[in-house]
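The values are calculated or read from the model by the stated rules, or taken from the named source; none is laboratory data. Quick caveat, the model's predicted, so the values are computed rather than measured. Don't worry about glycine lacking a Cβ; one is built from the backbone with ideal geometry, like all the others, and counts go over all protein chains shown. Please note that ligands, DNA and RNA were not included when accessible areas were found on the heavy atoms of the full protein model with its side chains. Shrake-Rupley method; radii C 1.70, N 1.55, O 1.52, S 1.80 Å.
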Amino acid sequence: MSDATSNANTIDAPTPEKGIAAAEAKNNPVLAADGTPLKKSLRRALRAQKLRALMLIAPLLIFVLVTFIAPILDMLFRSIENQIVSDTLPRTTSQLSEWDPATDELPPEAVYEAFYYDLFAAVEARQHTRLGQRLNYENTGVSSLFRGSGRDLDDFREDQVEYIEDFSPEWEDAGYWLSLMSGEGGEDFLDTRRDAILALIRESKRSPLGDLWCATIATCATAPEDIDIGYTPSAEVIDLLPRTSEAYADFALITVLEEEDSIAEEEPWEAVYVALAQDLAETPESELAAFSGPQAQALVDLKAGLADVEAQSFRDLFAQSDDDWVTPSPWRTIQTYAPAYTTGYFLNAADMQKTPDGPEFRPENERIYGLLLQRTMFLSLTITFSCILLGYPIAYLLSNLPMRTANLLMILVLLPFWTSLLVRTSAWKVMLQQQGVINDVLVWLGLVGDGSRLVMINNQFGTIVAMTHILLPFMILPMYSVMSTIPPSYVRAAKSLGATNWTTFWRVYFPQSVPGIGAGSILVFILSIGYYITPEIVGGTTGTFISNRIAYHISSSLNWGLAAALGSILLVVVLALYWAYDRIVGIDNVKLGG
Amino acid sequence: MSDTVVITETKTLPYSFTLPVVGGAGAFFGLFVGTAQGSGLLGVVIGFVLCAALAWVALSLAGVKNEKGFKWGCIALFLVAGFLVGGAPGLVLGGLFGWFLGWFIYWIGRGRYRMFLPPYLTGGQVLWHYSFRVICGAIFVFLITPILVVMPLSFNAENFFTFTPEMLSFDPAGYSLRHYRDFFSSAEWQQALRNSLMIAPVATLLAVGFGTLAAIGLSQPHVPFRQAIMAILISPMIVPLIISAAGMYFFYSRIGLQGTYVGVVLAHAALGIPFVIITVTATLVGFDRSLTRAAANMGANPVTTFFRVQMPLILPGVISGGLFAFITSFDEVVVVLFVGSANQQTLPWQMFTGLREQISPTILAVATILVGISIVLLTTVELLRRRSERLRGLSPG
């Protein structure tokens, strides 16, 4: 049995390949039984073998790629993705791109106008607070600015809106509006608006695969791009009243897709009235009179009436709502974060911020991530070092004891290894608390007064002790597997040549055990740098890691982009270590449970 | 170590060595008893004198002939002394100390500590030998104590996380099964247990099914991109859990799996796969390929060969890989916190929130049960590993 297990690749005996090479050297190809050259048929067999191996691996590979690698890539993508600004304020960002943020001049009126229509749709879709929150990460105060103005938006150009509503009762009728806007030839227009609104309400379209799935296997709700809005825009109206058509289309799409109401029953938003007033003011009367719809005369009359109603500029209206809108600061922020991809999150994770003059360090007192990364490194190194210190004697003892005793003692190492992480963490909480077991014993022994119990938890000490305990088996096992291969005869030889105990250990034994230390250290360091649960429970505020901050940004502050950027940085560090581990130890040599 | 041969003769050592050493040990323990009673110095003095006197009694009056009698006397003496000083806990500690002292006096006084060591070692070397053992012993205590402390505390009758005076005096009233009752009667904990038992086995099955196939593929002699594939398959073990959890949270909510049972199962299966790959490929390293060739030679088709020849031989590896995958899923909390919703609350999740928010000793009862489970799993894996090594003829162990 043991003969057969020796590795076939290392046998140096005549093989078919050598035979073929020898025959070919004589220019005399060897033929297989069916007459094809043997080399060719061997190659075919090899290809079949490779294919079979790949077929066996493929299911798992696909599984891991979909369930694990894709999420990691998605996280990397999220760390630079920044579509929320341009999705929520598409018109504003395109208008704003012309503006030069370096000057102290305010953006032109066109920007304020575009911002009014964007923000109105965003408020109706309840997305403006999300955007405010996003921009608040970069410029504190923007969030309340958005929320405040979001409430005032309904009253902008109130006089015009009221004038139109009072002009004739039919302008308050949903059906009248619908018949005005409906017509032919506006399908493409509606589709463009639909894409914009879907991006705004953050509902993704279904993929072709998803459509196939819904059509053949499952019964799904209608995809958002297939839902009937209830009207077809008229191409003529789009030309005649461009702003009104756009505002009405936005109203129709959000009403149907988000509120799930019918536009035949809902009165349009105030923004539609404002758009109509603006359009009428700019369209000559002759064009209005030439409109083929029955509402032509009504439009002409309305235009004449509206001429007397005063309309404040959008900039003034925003200024009345909040003074900050007439400072360049919020506009600079919007412009800086308008592109669909940003390095902002990474800069944030490196304690920097984007300014119009390029990236800059944040003020000294706001730099937390550098400190956090330093602390994570320091704690991980301390834990790794304590593991070496505690693991080395144990591994040495285990590899020098007789087999039977070593196996018995090994159980003491393996039992913690197999015990649930939370069990061990809760055990340390029980032990280290101020009213915990260690403090009780110390008080009972009289070493510590009852009033001056030691604080061992919710600080760095707690994290280091608990994590050293949890990761110690990961240090001992690789060390043990290296040390048990060191032949004892070397030590004996050194001693018989007159070396002292210390010299023997330091010059002969220790150098041979270094690979074990290396393997164990990298493993422990990789594991500790990404720890979350234990620091969360025993670490308090000073003993937490960068992972705790990532978790905080995902679940509490909802700054997913920053969480993803921090995660990407951590991932790069770990992958570099993983690569080093692979070079030093080899992934194939990872052993579990001894 | 008792099975090793005696290589150094024992003899009674001079009192000038024995008495100070034993007295020193006595002084060390006396210090603790003394400080607990109020005066450390008095404890040291009494401990030193008492132990040195006992050593003299043992070696000059009792001798080796009456060794047993002296040891029992010693235990009895300290039982009584302990009870008088510290009540029931003192009784136990006193008994233990008496047993230790009886053994220690003879071990030192008769030079038994050199019995299994080569006669040529210097005093310093012998001292280092035993100091090293004591250091290692302390590290083992560090490794195992937290687990051992949890178990008795789970029988606490009070709602405390520490030993109550009743528990220390071994009063039956201090102990109860109420936390276990809590665990078995609380709907929340039972739901958590059910969720864990619904998620872990399915994730294990997925991991083992895909993983075994892939491991067999990977151990074929000619696999293109073997290194790269291996790196991808092992990566769930290397990437920090918080990153996997974050990525899965983002991605699974994109495709509608976040907060669903299927999502959690898929995530846990992905995390368990590296363990299956590692253990099964390790088993396959020693697999004798000529056996499959022999089977094919005798007319078995690949499927029959796999199930009748290869599978029985690599089964131990597959099972221990499966156990690893199971414990990974069963213990996992970070990913389920993010990928799961309240409906997928597992046992570790429940423990985690319990530890963070309302601290109740029910957690300790659950912990004890989980330690029991891990002991069973550990034993199984060890037995399987030995069986597999025996089958492959690698080691006699």
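Some notes on this structure:
- D (Stokes-Einstein, µm²/s), Kirkwood Cα radius, segment B:144-261, 0.692 mPa s at 37 °C: 170
- Based on protein heavy atoms only, segment B:186-392 ends up with 37 Å² per residue of surface accessible to a 1.4 Å probe.
- Here the Karplus curve 6.51 cos²θ - 1.76 cosθ + 1.60, taken at θ = phi - 60°, turns the phi angles of segment A:520-532 into couplings of x, 5, 4, 4, 5, 5, 4, 5, 6, 5, x, 6, 10 Hz, with x standing for Gly and Pro.
- Principal axis box of the protein assembly as shown, alpha-carbon based, largest edge first, Å: 131, 96, 56
- Applying the Karplus relation 6.51 cos²θ - 1.76 cosθ + 1.60 with θ = phi - 60° to segment A:322-334 yields 3J(HN,Hα) values of 7, 4, 4, 5, 9, 10, x, 3, x, 5, 4, 4, 4 Hz, where x marks Gly and Pro.
- Peptide-level mean, for B:226-239, of C-beta atoms on other protein chains within 10 Å: 6
- Computed across segment A:384-455, the Kirkwood hydrodynamic radius from all distinct Cα-Cα pairs reaches 14.8 Å.
- Computed over protein heavy atoms with a 1.4 angstrom probe, the accessible surface ordering of B:H222, A:H469, A:H128, largest first, is B:H222, A:H128, A:H469.
- Å² per residue, accessible surface of chain A at 1.4 Å: 47
- With Cα atoms, 0 to 90° folded angle of helix A:158-167 axis to chain A main axis: 50
- More than 26 angstrom apart: percent of Cα pairs within segment A:158-306: 30
- Evaluated at q = 0.17, 0.20, 0.22 Å⁻¹, the base-10 log of the normalised Debye intensity for segment B:132-171, with identical point scatterers placed on the Cα atoms, takes the values -0.56, -0.66, -0.71.
- Average projection area in nm² (convex hull over Cα atoms of segment B:115-184, one quarter of hull surface): 7.7
- Taking a ≥ b ≥ c as the square roots of the eigenvalues of the Cα gyration tensor, an a/c ratio of 1.5 or more together with a/b no larger than b/c marks chain B as oblate.
- Distance between the C-alpha centres of segment A:157-203 and segment A:343-364: 42 Å, rounded to the whole angstrom.
- Accessible area per residue for segment B:44-136, computed on protein heavy atoms with a 1.4 Å probe, is 55 Å².
- A simple rule links phi to the HN-Hα coupling: the Karplus curve 6.51 cos²θ - 1.76 cosθ + 1.60 with θ = phi - 60°, which for segment A:115-121 gives 5, 4, 5, 4, 5, 4, 4 Hz, with x for Gly and Pro.
- If the convex hull is drawn through the Cα atoms of segment B:15-120, its volume per residue in Å³: 104
- Projected area averaged over orientations for segment A:470-593, convex hull of C-alpha atoms, nm²: 10.2
- Chain A: calculated mean residue ellipticity at 222 nm from DSSP helix runs of at least 4, using -39500 (n - 2.57): -19500 deg cm²/dmol
- Sorted from longest to shortest, the spans of the Cα atoms of segment A:371-589 along the three principal axes equal 65, 50, 29 Å.
- Rounded to 10°, Cα long-axis angle of helix A:142-152 versus longest principal axis of chain A: 30
- Surface/4 estimate of mean projected area, convex hull on alpha-carbon atoms of segment A:518-583, nm²: 4.8
- Per-residue average of Cβ from other chains inside 10 Å of B:52-64: 0
- Accessible surface of the protein assembly as shown, 1.4 Å probe, proportion on carbon and sulfur as whole %: 62
- Chain B: calculated mean residue ellipticity at 222 nm from DSSP helix runs of at least 4, using -39500 (n - 2.57): -25000 deg cm²/dmol
- Highest GNM mean-square fluctuation among B:F29, B:F161, B:F287, for chain B modelled with Cα contacts below 10 Å: B:F29.
- Only lysine pairs 8 or more places apart, or on different chains, with alpha-carbon atoms under 28 angstrom apart are counted in chain A, and they number 9.
- Cβ crowding within 10 Å averaged over residues, with A:472-483, A:414-425, B:6-17 ranked highest first: A:472-483, A:414-425, B:6-17
- With a Förster radius of 41 Å applied to the beta-carbon distance between A:T327 and A:V572, the computed FRET efficiency rounds to 0.60.
- Angle in degrees between helix B:241-254 and the longest Cα principal axis of chain B, rounded to the nearest 10: 30
- With Rh defined as the Kirkwood radius, the inverse of the mean 1/r over Cα pairs, the Rg/Rh of chain A is 1.15.
- Chain A contacts chain B over a buried accessible area of about 9100 Å², both sides summed; the probe is 1.4 Å and only protein chains count.
- For segment B:186-392, alpha-carbon Rg over 2.2 N^0.38 Å: 1.16
- Here the label points at B:T122 and A:L447, each 7 Å from Cα along the C-beta direction, are separated by 3.2 nm in the simple model.
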